Every structure is written in C-alpha cells, then in structure tokens.
Amino acid sequence: MEFTRDRLTWLAYVLIAWFAFLQAVPGLVVPHLREELDLSYSVGGLHVGAFAAGSVVAGLGAAAAERALGRRRLLWAAAALLAAGAVALTLGRVAAATLGAMLVMGFAGAMVVVTLQAALADRHLERRAVALSEANIAASIAYVILIGALSLAAAIGAGWRAAVLSSLVVPVLAWSRNRELAVTAPAPAPPGTGGGRLPPAFWVAAAMLFCTTAAEWCITAWGATFVEDAAGVSVDTAVALMAGFFGGVLGGRVLGSVLARRYTAHRLLAAALIVSASGFAVLWPASSPLQAVVGLAACGVGLGNLFPLGVAVTVGLAPDRTQLASGRAVLAGGAAVLVAPLAVGALADATTIKAALGTVVPLSLALAAAALTLVTRAASRAGEAPLAERTRAAG
C-alpha cells in the first residue's frame, strides 16, 4: 500500500504541530512564572502536572466523547477549547489561574491529538507508523518554532505571552479551510466480535510508553531550569539553549522516519534508548553552556523517537480499536507527564535539580528498556511475527 498524504493527513500534521507548540509551553514558561509569581520548584512543576492531568482525563474519556459528538465535531470543539485555554494562560496573574488554564489546555489538547492519531491510523492502516512519525516531525518543528518565538519575543520586549498568542492563527486558518472536511471513524465492531478489549501486550507497551514519556518530559519540563543552574546563565539564555534539545528532537525524528522504512520498530526503540542514555550522560555533569547544549541535543535525538515509535507500537496492537488504543496511549503518556515532572520538582526542593534529574531520568530509561524486552519476548513466545513487523512503517 502506497503512503499518500491527503488533505486529512496534512490537516492532522498542522493541528498536531499546533498542539505540540502549546504542549511545550509549560516547561518553557515555568522559569518565567517562577520569577513573576515567586513559585517553588514544586509549584512550578504543578503547571506541567496540570497540563498532564487534563490529558489523563481526556485519555479516559476520548472514546466516549467521540461516540457522543462524532469525530469531526469533537476535533473542532477540542481545538476551540485549547485556544481558549491558551488565552486564559496569558491572562492569569496568580498561580491558581495559570494552573487552571494548564488543566484546560491539557484536556482539550489531548482530545485533539487522540482524535487525530486515530484518524491517521484509520486512514493509513499498516502505514500508520509513517504517518505518526511524520506527525511527530511536525510536532518537533513546532518545538523549534516555539523556542524562536520566545527568543524573539524576549528580544523585542514583547514577553512570552505574545509568543503563545501568536500561535492562535493556526487553528483559525485550519478551521476556515477545512471545517467541512470529513473526519470520520470506521464503523464500530459488531457485538460479540471480541473487539472491545485491548490485548495484554498492549498494556506492556503502554507501560514502556509511560517510562519513555517520563524521561522525555523530565528534560522538556526542567531542562531550562537545569541549564540555568548548572551553567550559571540567565532564564532567557537557558530557554534559548533548549533549542539544542528541540533541534535534536527534530533531527532525530526525521532520521527515525527514514529508518522506520527499513528497520523494525523494536530495534529502533532499543537504539533510541541507548542514544537517550548517552546524551543524558553528557548533559548531567555539564557546567558550561556548550556541554549543556551538546547533551541536550543528544538527548533530543534519542528521546524524540521514543514517543512516535511507542505510539505506533501500542496503537498497532489494536488495529480494530484505534480510538480506544490511541486514548489509552495518550492516557499513559499523560500520566507520565503528570508524575515525572512533579517527582523531579519535589526531589529538587529536597535536594537539587541536578540530583533529581539524575535519579528520575536514568530510572525511567532503564524501566523502558525492560518493558521493551518483555514486549518482544512475549511476541516471540506467542509464535507471532516480531512485534515491529506489525508496526513496520513500510512493507
């Protein structure tokens, strides 16, 4: 089956990129909010946690929301709510208001991405890994654009709020050009066909996704704060240096998309875990901006591939339940984003940000490697083709 990027595919890429832009906002504006509102590490971490908590709720309710509203109506309603949450964040001047805005953004954004991931999986079937990899490349581009927007806003004195608000042109243009585009789901499985349950291997893969997402979001949420402390630079400089991480994520995902056409998903996941661990080994002892940005870039190359490959694996394990599988995958990722940054913040208050990251990130990567091993062995014992054969991007 040839991979074709139709209008729905491009719409999904654009809206996933917009979601990614706003998803990265909490980690990058927390240093500013900590200065403006005099917040502790723990309360700063709550902003990332609030976004994740909203994602968890959305992951639980996405399938039911689709049944109630239909996929197209759900997509545009969630996009509108995400835009409203972004506006509320820029208007907030106390922690309670900014936390509430993050909660709304997490819920609405997860609804957007669950719906679009399911739409891509249904549209491209066995080529879903290509579509999901490319969608995450679009997300990576958005991360780099966010860094540029924040740096430009700082340079001209406009502030981070102007960078956030500038992104709202994307959903407005997307809706105006595509509001009548069909975004439909396949017919539900007939009763008694056994399509209502996710297989045991799915949950092992979801646990792996939890661990890899935890490692990624420890860096996304606290990377700028870590660099500010370790390298002794200003907040704006530390945020700008995160371009190394997001640039690494972009480059890694482009490379991963190419390699996914030739190699199996489980092999690429194993390689990405090794690269992630190596990058963190460079970043953690960094005491200069140069070493920090090199470590961030290497981490980005590895960590950036873990989520798209993990989603392709988990959703591919339930091809007849894509909305449910996509929702549960987002639930696993959202739970990780909820737990890991908060754990780092609490540990940092008790010790240091360096000690906190040095505990949580290696542990998360090690557990992810163990889960990947279990998934692969389970597939082999079942006498199936290797798991990645079912999620290979190209035949």
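The values are calculated or read from the model by the stated rules, or taken from the named source; none is laboratory data. All values reported here derive from a predicted model rather than from experimental measurement. Neighbour counts are summed over all protein chains in view; Cβ atoms, including those assigned to glycine, are modelled from backbone coordinates with ideal geometry. Only protein heavy atoms, including side chains, enter the accessible area calculation; ligands, DNA and RNA are left aside. Shrake-Rupley method; radii C 1.70, N 1.55, O 1.52, S 1.80 Å.
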Whole-Å semi-axes of the stretch 69-112's equivalent ellipsoid, largest first, each the root of 5 times a Cα gyration tensor eigenvalue? 23, 9, 5
In degrees, nearest ten, helix 169-178 long axis to first principal axis of the chain (Cα): 20
Out of L33, S133, A240 - ranked by how far each Cα lies towards the positive end of the dipole of the chain, with unit charges on the beta-carbon of charged residues - the top one is S133
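Could you work out the local net charge near R71, counting Lys and Arg as +1, Asp and Glu as -1, over the other residues with Cβ closer than 13 Å to its Cβ?
Numbers: positive: R67, R72, R73, R123; negative: E66, D122.
My count for the surroundings of R71 gives +2.
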Per the Cα gyration tensor, the stretch 1-126 corresponds to an equivalent ellipsoid with semi-axes, largest first in Å, of 30, 15, 12
With label points set 7 Å from each Cα along the Cα-to-Cβ direction at E35 and R262, the distance between them in nm comes to 4.5
Expressed to one decimal in nm², the mean projection of the alpha carbon convex hull of the chain is 17.8
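Within the accessible area of the chain, what % is carbon and sulfur when the probe is 1.4 Å and the other protein chains stay in place?
Details: 9860 of 14990 Å².
The computed percentage sits at 66.
Of all trypsin sites (Lys or Arg not before Pro) in the stretch 232-335, which ones are in loop regions per DSSP and have a Cβ with at most 13 other Cβ atoms within 10 Å?
R262
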Would you mind working out the accessible area per residue for the chain, using a 1.4 Å probe, and quoting it in Å²? 38
Could you state the angle between the C-alpha long axis of helix 128-156 and the longest principal axis of the C-alpha atoms of the chain, as a value from 0 to 90 degrees rounded to the nearest 10? 20
Using the alpha-carbon atoms, what tilt in degrees (0 to 90, nearest 10) does helix 200-231 show relative to the longest principal axis of the chain? 20
Note down the magnitude of the dipole of the stretch 185-311 about its Cα centre, charges +1 on Lys and Arg C-beta and -1 on Asp and Glu C-beta and zero elsewhere, to the nearest 20 debye. 660
Which value in nm describes the separation of the simple spin-label points at L91 and L173, placed 7 Å from the Cα toward the beta carbon? 2.6
Rg/Rh ratio calculated on Cα atoms of the stretch 266-314 (Kirkwood radius): 1.09
Please compute the volume of the convex hull spanned by the alpha-carbon atoms of the stretch 5-77 and report it per residue in Å³. 107
Along Cα→Cβ, 7 Å out, is where each label goes; now give me the distance between the ones at L152 and A80 in nm to one decimal. 2.9
